[in-house]
Amino acid sequence: MKNYDGKTIFEKGRPGRRAFFPEDLNKREIRQIEVNIPNKYLRKSDMFLPSMSERELAEHFINLSQLNMSVDTNFYPLGSCTMKYNPKINEKISSQEFFRNLHPYMDKRDLKGLMYILNDFESMLCSMFGFDAFTFQPAAGAHGELTALIIAKKYFKDKGESERDTVIVPDSSHGTNPASAFMCGFERVVSVKSNEKGEIDLIDLEQKCNSRTACVMITNPNTLGIFETKIKEIAGIVHKNGALLYCDGANMNALMGIARPGDMGFDFMHLNLHKTFSSPHGGGGPGSGPVGVKKFLKKYITEFLETQKENAVSVKAFWGNLSVIIKAYCYVKMLGFGELKNSSVLAVLNARYLMEKLRNVFVLPYKSPCMHEFVLSVNPSELNGVRTLDIAKALIDRGVHPPTVYFPLIVKEAIMIEPTETETKETLDNFASIMAELKNMAKEQPQKLKDAPCKTPVKRLDEVYAARKPVLCWKDFLNSDKQGFSV
Ligand SMILES: *Cc1c(COP(=O)(O)O)cnc(C)c1O
């Protein structure tokens with residue numbers, strides 16, 4: 001039974017209550033620094049901090065920590081953002097002192113070990129994905145996309161083709177693709193249609209690709225979880241028009257050790273180390289989105305070994321988010337190419353197994369065999385008005401993290417499922433039977449689903465209101481005359 005009263009620590013605190021922490025147990029000398037802060041900036045009264053007894057304090061934070069649903073506590077079939085289990089040994093290794101205390105300005109001789117790791121990791125990624133170099137700088141997938149598009153801009157400027165102002169994305173693309181193109185200053189983002197198989201419509205692509213096209217961004221397998229079987233033809237169309245073909249590599253969990261984007265005709269790509277290579281993500285990061293390029297684009301990326309190259313695109317200081325990179329490196333080293341391939345095989349097998357179990361429970365809009373994820377659709381007119389959102393909320397009551405919903409945009413009432421390779425048959429069977437139970441409930445007691453979740457400390461939220469009018473601070477602070485807080 002979760003013990004949650006919804007009160008903040010500030011509401012619970014009472015003056016004079018104390019918890020005891022001996023200050024000098026872990027004695028390290030703290031140097032007092034003299035600073036002259038002008039009087040007008042000094043606080044006039046004590047800071048308003050809550051006071052609590054030690055047991056209350058422990059209770060408060062332990063209870064809060066137990067409200068969380070996480071990849072360690074519940075099945076998490078998210079979809080789109082591969083959310084796989086994060087092996088704890090990677091955390092242990094990356095938090096060792098010899099990694100924690102590294103500094104980019106250390107003597108080069110002391111960085112040899114790190115350089116070995118980055119070099120080794122880069123060459124593993126190159127051979128695994130079919131590219132000639134990687135930069136580890138970008139801090140997320142979207143950051144990698146931006147890096148790649150800046151590279152594309154420079155490349156065409158150098159070629160004297162600055163009139164290329166268009167980026168093409170499929171209508172199933174992740175929202176970051178068009179957003180990155182706009183952020184990078186491309187004037188036009190053009191969308192190509194998907195056909196009835198859920199793959200890119202080649203005729204539409206032919207018509208839209210021309211001498212103004214700088215880059216075509218493709219996710220393969222795409223966000224429906226379907227492999228673009230015509231990828232070579234797509235590359236042909238793109239290259240015939242002098243444009244670059246970019247691979248959004250967020251879905252590499254389906255392809256590790258099986259197929260290489262570099263062999264499919266892609267000129268550059270990003271990886272999401274925090275998806276495919278099991279570094280934790282969520283809550284805003286940190287992440288890592290290395291960008292791999294073919295030889296002819298190599299001069300545009302910043303590699304870790306060199307001092308600034310004239311043409312190189314630098315998007316972050318030094319090596320990027322090093323601890324994330326090290327966790328991913330541990331993962332790759334621990335599994336080796338053979339087991340990485342096996343994990344992709346299992347990820348696809350698990351997704352296909354669930355797809356078969358669920359294809360007659362809800363609607364399966366695209367019938368091609370899926371890769372590591374698949375998309376279902378809920379039809380409210382057959383289910384007393386019960387929508388995907390209601391199903392997602394009801395899953396929480398049953399101990400399952402809701403999958404990604406209402407994405408990709410080309411599927412109505414979409415529900416996107418990605419079990420990942422670590423799940424057992426029992427977990428998958430249990431999930432399938434929960435989904436079947438929810439469908440029956442939608443037919444017999446729809447109101448129960450519309451009221452879900454009912455076992456959580458906070459019931460159904462008004463998500464639109466929460467997004468439009470976020471209250472990010474306990475409201476009494478706003479009216480408080482207490483010093484020390486600004487909003
Ligand atoms: C997650 C994802 C991205 C963005 O990556 P971030 O690391 O979240 O910035 C881009 N494209 C696809 C298909 C994704 O799933």
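All of the numbers you see were taken from the coordinates with simple rules; none came from a lab. Model, not experiment: these values are computed from the prediction. For neighbour counting, all protein chains shown are included, and Cβ atoms are generated from backbone atoms with ideal geometry for every residue, glycine included.
D by Stokes-Einstein for the chain, Kirkwood Rh over Cα pairs, 20 °C, 1.002 mPa s: 84 µm²/s.
Sorting the segments 309-321, 7-19 by their mean number of nearby beta carbons within 10 angstrom, highest to lowest, gives 309-321, 7-19. In summary, the lysines within cross-link reach of K230, defined as a Cα separation below 16 angstrom excluding same-chain residues under 8 places away, comprise K193, K197, K240. Summarise the long-distance tail of P(r) for the stretch 39-162 by giving the % of C-alpha pairs beyond 19 Å. Tail of the P(r) past 19 Å holds 77 percent of the pairs. Considering only beta bridges that DSSP places wholly inside the chain, some 40 percent are antiparallel. In percent, rounded to a whole number, the relative contact order of the stretch 89-333 is 28, using alpha-carbon pairs under 8 Å and six or more apart. By the Kirkwood approach, averaging reciprocal distances over each pair of separate Cα atoms, the stretch 185-259 gets a hydrodynamic radius of 13.0 Å.
Computed over the stretch 198-312, the P(r) tail beyond 24 angstrom holds 34 percent of alpha carbon pairs.
Shape analysis of the stretch 338-461 yields a ratio of the Cα radius of gyration to the Kirkwood radius, Rg/Rh, of 0.98. Cα extents for the stretch 376-440 along the principal axes, largest to smallest and rounded to whole angstrom: 33, 25, 16. Take 180-188, 386-394, 334-342 and order them by the average number of nearby Cβ atoms within 10 Å per residue, most first; the result is 386-394, 180-188, 334-342. Protection proxy ranking, highest mean first, for peptides 127-138, 261-272, 245-256: 245-256, 261-272, 127-138, where packing is the per-residue count of other beta-carbon atoms within 10 Å, averaged.
Relative to one another, the C-alpha centroids of the stretch 373-439 and the stretch 152-228 are positioned 30 Å apart. Between the stretch 260-324 and the stretch 45-83, the C-alpha centres lie 32 angstrom from each other. Taking one quarter of the surface of the convex hull spanned by the alpha-carbon atoms of the stretch 89-333 gives a direction-averaged projected area of 12.9 nm².
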